[in-house]
Amino acid sequence: MKVIVVGGGPAGCAAAYTLLKEGHEAVLFEASDSIGGRTKQLHREGFNLGTGALFLMGGIYPRTMALLREMGHIKKLVPWKSTTELMDDDDSRYPVQLGKFSSFAKVPTLKLIDKLRLLTTGIKLFFSRTAKNPFNGSQLAAYDRGENLEDWTRNNLGSRTYEYVMRPIMDFLYAVPLRELSTPFPKALVRQAHKISLSTPPEGIGQINDWLLENMSSDDVHLSAPVDHLARDGAGWKVFANGNVHQCDAVIIATEAFIAAKLLKEFISIDAYQRLMGTHYTEYAHVAIAYDEDPWPDYPVDAVLPVGVDGERDVGAMVLHGRRQPASVPDGGQLVGVYFNTPPLANMSDEEIKNRAIEQVHDAFGEAPRPRFVHLFRYEKGLTIAKPGHYGSLDKVHDLLPPNIRLAGDYFSQAGVEAAIYSGEHAAKSLSK
Ligand SMILES: Cc1cc2nc3c(=O)[nH]c(=O)nc-3n(C[C@H](O)[C@H](O)[C@H](O)COP(=O)(O)OP(=O)(O)OC[C@H]3O[C@@H](n4cnc5c(N)ncnc54)[C@H](O)[C@@H]3O)c2cc1C
């Protein structure tokens, strides 16, 4: 079978990899001039910047890890201990480990009652039924009761745990107010929290895409080739890109949901189209600040997360990337990533975001000389967000597709490399069947 894969993010690359493994012919079309999508690496003045994703989560990323093992690359992953400080409104600092949720229970602002509630709710969750795979949209849909994460956390764990545990973790992962997030994913995550271990390929998350495509002929990977149109061709399909037409037996569309919707508009029902178009993407910004000489070589932790009860915060996390991924900086250099929360972005210009990033980094790690450069990554549609009802709405779309078309992308469950890889692999396997 000849299958055209549209989109070269981790979902499309995993789909192409799986098709080849199963003995099919795969041809990939990517709109931009390199593969990777929102996991792409950008090289600038000797620094290797992650445009999006920054870490894998070990045991809770089973398909990503399985493919890395299968390809012989798993031992190359660089573990990240993720020593972190919570930085309170009054500048008090509380040490935690980002990849070890239980470490947050030691934060001194939590009272005994908060710790008891954390323990009992944790035990209850461990023995309750939750999605076994936190990146399987179908399983998540089955546990979506329409509640939002803020209400659930305040009701079950209290306000201090909301501010000092759940909010800092989720601000870093999703950057939106917790009332916009549904609960099946975090509940499944808590249940598997003991399996989390953070790591990165030596050249950044984007390297995973290179590995997935390493056995594919370069003739079959078309870059700067946005697919703009599909047409039926008997039982198969025609795919149009750059004014050329390509015939195939089946198509896997591994783009963002709204692009998939537009490509399929004339072949699917209004209901299916609206479900895809309704996928919520949020604005997102992060800033990379590069220093030729590390201003904080002795700083005790690798990351700082602002916390407190002071309402909205503009920054969710600051990470010393030179420690998380040593090969991302030249010898002796440092690269700080500043990850913004979404709500304040609406009122901030690019310049304000960059200045605020520098200000926050100085507050977090201490004063520093002028950086070599400050690079802003700003996405109008950055992360897909699973509001209550999201999983069920999207899961239904699979049943509403025309023959020999499959969709893949993280939006079927939860923003994350594992979600993308799981969905790409799943789409390829379901065509094989
Ligand atoms: C700032 C940020 C930080 C993140 N941090 C993490 C993290 O630490 N860990 C983690 O696991 N995940 C993280 N993520 C999420 C992760 O990057 C995404 O979940 C993942 O990239 C989704 O993969 P995808 O293949 O579904 O989509 P994408 O990566 O968006 O890939 C879609 C691809 O389709 C291409 N395309 C679009 N239209 C067309 C067309 N018409 N023709 C051809 N090609 C087309 C696009 O150019 C793109 O390359 C982060 C994301 C962001 C933005």
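All of the numbers you see were taken from the coordinates with simple rules; none came from a lab. The structure presented is a predicted model; accordingly, all values stated were derived computationally and were not measured. Note that each Cβ is placed from the backbone with ideal geometry, even for glycine, and that neighbours are counted across all protein chains shown.
Computed values, structure above
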{"read-out": "Neighbour-count order for R154, R69, fewest beta carbons within 10 angstrom listed first", "value": "R69, R154"}
{"read-out": "Point-to-point label distance, R129-K106, nm (Cα→Cβ direction, 7 Å offset)", "value": "3.7 nm"}
{"read-out": "Cα-Cα P(r), the range 269-364, percent of pairs per 10 Å interval", "value": "14, 39, 25, 14, 7, 2"}
{"read-out": "Length released on extending from R378 to S92, taking residue separation times 0.36 nm less the Cα-Cα span", "value": "99.9 nm"}
{"read-out": "In Å, descending, principal axis extents of the Cα set of the range 197-244", "value": "47, 21, 20"}
{"read-out": "Spin-label pair D298/K195, simplified geometry with 7 Å Cα→Cβ offset, distance in nm", "value": "4.2 nm"}
{"read-out": "17 Å Cα-Cα reach of K354 towards aspartates and glutamates, excluding residues that sit fewer than 8 places from it in its own chain", "value": "E283, D314, D363, E367, E380"}
{"read-out": "Added length on full extension, which subtracts the Cα-Cα distance from 0.36 nm per residue, T120 to L400", "value": "96.6 nm"}
{"read-out": "Relative intensity, log₁₀ I(q)/I(0), of the range 161-226 from a Debye sum that treats every alpha carbon as a point, q = 0.13, 0.20, 0.25 Å⁻¹", "value": "-0.64, -0.91, -1.13"}
{"read-out": "Set of aspartates and glutamates with alpha-carbon distance to K265 below 13 Å, sequence-local pairs under 8 removed", "value": "D228"}
{"read-out": "Packing rank of 223-234, 385-396, where each peptide gets the mean count of other beta carbons within 10 Å, highest leading", "value": "385-396, 223-234"}
{"read-out": "Cα centroid separation - the range 361-433 against the range 158-210, whole Å", "value": "13 Å"}
{"read-out": "Stokes-Einstein D in µm²/s, Kirkwood radius over Cα pairs - the range 200-347 at 37 °C with 0.692 mPa s viscosity", "value": "166 µm²/s"}
{"read-out": "Extension gain (nm, one decimal) between E214 and D228, 0.36 nm per residue minus Cα-Cα", "value": "2.4 nm"}
{"read-out": "Debye log10 I(q)/I(0) for the range 353-421, one point scatterer per Cα, at q = 0.16 Å⁻¹", "value": "-0.74"}
{"read-out": "Cα-derived Rg over Rh, computed across the chain with Rh taken as Kirkwood radius", "value": "0.97"}
{"read-out": "Volume of the Cα convex hull of the range 37-194, divided per residue and given in Å³", "value": "153 Å³"}
{"read-out": "Directionally averaged shadow of the range 212-282, computed from the convex hull of its alpha-carbon atoms, nm²", "value": "6.3 nm²"}
{"read-out": "Distance between the range 244-301 and the range 307-325 - C-alpha centres, whole angstrom", "value": "23 Å"}
{"read-out": "Residue list for the range 7-30, given a label point 7 angstrom along the Cα-to-Cβ vector of V245 and an amide N cut-off under 18 Å", "value": "none"}
{"read-out": "Calculated diffusion of the range 1-41, Stokes-Einstein form, Kirkwood radius summed over Cα pairs, 37 °C and 0.692 mPa s, µm²/s", "value": "321 µm²/s"}
{"read-out": "Partners for K262 among lysines (Cα-Cα distance below 27 Å; same-chain residues under 8 apart left out)", "value": "K2, K40, K238, K381, K387, K396, K429, K433"}
{"read-out": "Computed helical MRE - 222 nm, the chain, DSSP H runs ≥ 4 contributing -39500 (n - 2.57), nearest 500", "value": "-9000 deg cm²/dmol"}
{"read-out": "When the range 287-428 is reduced to its Cα atoms, the Kirkwood hydrodynamic radius in Å", "value": "17.8 Å"}
{"read-out": "The chain: relative contact order as a whole-number percent, Cα under 8 Å and 6+ apart", "value": "26 percent"}
{"read-out": "Sites A66 and S349 - FRET efficiency at Förster radius 41 Å, r taken between beta-carbons, to 0.05", "value": "0.40"}
{"read-out": "Radius, Kirkwood style, for the range 96-169 when every pair of distinct Cα atoms is counted (Å)", "value": "13.4 Å"}
